[in-house]
Every structure is written in C-alpha cells, then in structure tokens.
Amino acid sequence: MTVRPPRDDERLFTSRQAGGRFLYKIYFLVFLAGIVSLFYYRVTNIPSDHPVLWLVITLAEFWFGVTWFLQQGFRWAPTYHVEYPDRLAESELPPVDVLVCTADPDREPPSIVANTLLSLMSYDYDVNKLSYYISDDGGSQLTFHAVYLASVFAKSWLPFCKKYSVEPRSPQVYFSSAASTSGQTGQSFRQEYDKIKAKFEEMQERIEKAGRTRSVPIETKYEHKGFKEWDSKTDPRDHASIIEVLLRGNGVDKDDEGNPMPTLVYVSREKRPTSHHRFKAGALNALNRVSALISNAPLVINVDCDMYSNNSQALRHGVCYFLDPKESHRIGYVQFPQSFGGITKNDLYGNGVKRIYE
C-alpha cells in the first residue's frame, strides 16, 4: 500500500535554510585564519620580560577564540521554521501538561510566580486539555498563598483575555504597558478593564503583604484546606509531600462567565536530609509522577517560574511540530528560546536575546 506524501497545504510547519551561507563560510575561514595566525605569533614570540602579562593576554585571546568557534555551530547552517497553527483542527489538539518549578520565595518572589502562572493559564487552547502543575521546592506557605490567589483571580482574568484578545497575558506586564488599552475604545471594555485591574492590584497587594510579614492572614487560611499543611512548623529541607488541587478541570470548576477552568495542582515533594533531592531534575521527576496519575497528557511543557508567556498562541505553535504529517515522527523535543525585557533602553549588546525572533 503506497502512502501519499502530504501536500504543502497539509503541512503544519515548513523549514528553509537561510541564504548567504556560502558567504558566511568564507568569512568563517578568513576569521579562523586570523585567529590561528594570532596564536602562532603569540607562541613563537614569547617575550623575555613580562612573561606573566604575555600569559594572561594569550589565555584571554585563546578563550575568546574558543567561545567564537563554539558559536559557529549555531551560525553554520541557520534554518528558519514557519508554523501554521491555523491548520490545526480543534478536535485533534492533544492534551498538554504544563510544569512550572520554583524553589525559593526570596529569590523567586511569589508575585512573579503568580504572574507567570496566569500568563500560561491564558493560552489560546482548549482548557479541558490543559493541566498545570507547579512544584514548590521551598515548601513555602507564601508560594502556596500566591498560587491560590492566582487561581482565584484566573476566574476573572481568563474570560477577560479571551473576550478582548489581550496580549501579553501576564497581568503584571499587561497593566504596566502603555499599550494595554490601545485599540479598545468601547465603554464596556473600559469598565471591565478598570474592574479587572482593581482585582489584580488587590491580589498583588495581598501577595506582597504576606511576603513582608512572612505570614498568611488568618481569614485567607480559612478559604482553602491546603493551608492546614503549614499549621505545624515545616522545614523546607525536611517535610512530607504536599499535593493540593486548586482548580479541577473537565468542567468541574468554572470561571466568572461559566466557562470550564483548567486543572491546577500545587506540589511540594517530600524532602529528607538523608536523601539527595537532585534539585530541579528531582522536582520535574516528581511533577511527572503526579501528572501521570491525574492527567497523563502525551505532551509536557516545562516553563521557568520567572518567564512569562508573551504569546497566547505559543502552545499551538509548538504542537504544530508534534502533529505535522511529514516530520512529526522525527521530533521529540521543541525549545522556545527565552528573551528578556527591561534591560536597557536600546540594549546595545543584545542581552535581550531578541534577535532570533526578528
């Protein structure tokens, strides 16, 4: 039986190699010749005076040469990929488990974790096929408090994002942007915008106040049974497992407009001084085990707790690689590079790592 190859209009992504590669290889050879010549000169002309200074300069030049050579692996044959998420059938979208790891409420403030989580929960994707698992390796009541408040705010934030096609969907970034209200002039939007912003600011204040006082208000503890896990003193390096389901998917929990919410689970794995916890690798292993018992999705996405999603379509773009009729059998891992904002006004040295998106 002959299998017909997929037509171009059936592909979910295409790839093409960048032009000008031959010219770049010429540049590479010329530059390499210059580096080799410099090293040859350094080795054959060792000065009798100031040998220490010569050694320091030579080692510095050697290190810069090595780093330049290693970077050529990314520039030798650059390839551009174009995804077509509009060709995805809603009924064929696979379930996805989203894993988020945090470890220290002092180094990774709970407010940042909450905003990252809200940006991920707002993906333009079937919420019945999304499950979120957050690993708190610090076993902190402050982090659980922030995640709980985020789960409450999400019931207002998710329908607002979908109704007005909000971008980006991290509320902290969205409300701090001057362009957050651009293109929206209706009175109803203005009213909802002010209302949702007030809710967000209240959530932020509650999270930050708990961080300043290092405690969760008594009235908040009565809102969810999970806070009972911290009734007794909990050592972040010696405690039993804590697993709390904050949102139940499959239509059990609903947002303010009656739409289903995704699954959200808080996990703080067991830790004992006598057992090595393997840092983030151990946290991901624990999340995989928990998610296998609850949702067991065929696809898993891992996101850093301090990196919000700046594109609500990102998950659909990633899924294109795993469902493509021609190349999906060769793909098991897709990585989205990180980019950074707010570094300097002009980012002269490219520390924002935004060039790869341009």
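The values are calculated or read from the model by the stated rules, or taken from the named source; none is laboratory data. Values in this document were obtained by computation on a predicted structure and should not be read as measured data. With ideal geometry, Cβ positions are generated from the backbone for all residues, glycine too; neighbour counts draw on all protein chains shown.
Some observations on this one:
- Within segment 230-263, the only residue that satisfies the criterion of being in contact with a His (Cβ under 9 Å, 6 or more places away or on another chain), surrounded by 13 or more Cβ atoms within 10 Å (Cβ to Cβ) and either of a type outside the set (A, V, I, L, M) or not assigned by TED's automatic domain parsing to the domain that holds Q141 (or both) is E244.
- Selection within segment 291-311 - in contact with a helix residue (DSSP H, G or I) (Cβ under 8 Å, 6 or more places away or on another chain), at pLDDT 95 or above and part of a loop (DSSP other than H, G, I, E, B): A297
- Meets criteria (over 16 Å from L118 (Cβ atoms) and either surrounded by fewer than 11 Cβ atoms within 10 Å (Cβ to Cβ) or assigned by TED's automatic domain parsing to the domain that holds E257 (or both)) for Q204: no
- Any hit, segment 54-66, residues being closer than 24 Å to S15 by Cβ, of a type in the set (S, T, Y) and either more than 30 Å from the chain's Cα centre (by Cα) or surrounded by 15 or more Cβ atoms within 10 Å (Cβ to Cβ) (or both): no
- Here is the figure for segment 22-49: residues that are over 16 Å from Q71 (Cβ atoms), surrounded by 11 or more Cβ atoms within 10 Å (Cβ to Cβ) and of a type in the set (A, V, I, L, M) total 2.
- A33, sole failed condition from (1) closer than 30 Å to M261 by Cβ; (2) without any contact (Cβ under 8 Å) to a residue 24 or more places away in the chain; (3) of a type in the set (A, V, I, L, M): (1)
- Segment 335-358: number of residues that are among the polar types (S, T, N, Q), modelled with pLDDT of 70 or more and more than 15 Å from Y308 (Cβ to Cβ): 3
- Yes/no for K209 being modelled with pLDDT under 95, assigned by TED's automatic domain parsing to the domain that holds K163 and surrounded by fewer than 14 Cβ atoms within 10 Å (Cβ to Cβ): no
- Filter result for K280 (in a loop (DSSP other than H, G, I, E, B), under 22 Å from D104 (Cα atoms) and either among the aliphatic types (A, V, I, L, M) or at pLDDT below 95 (or both)): no
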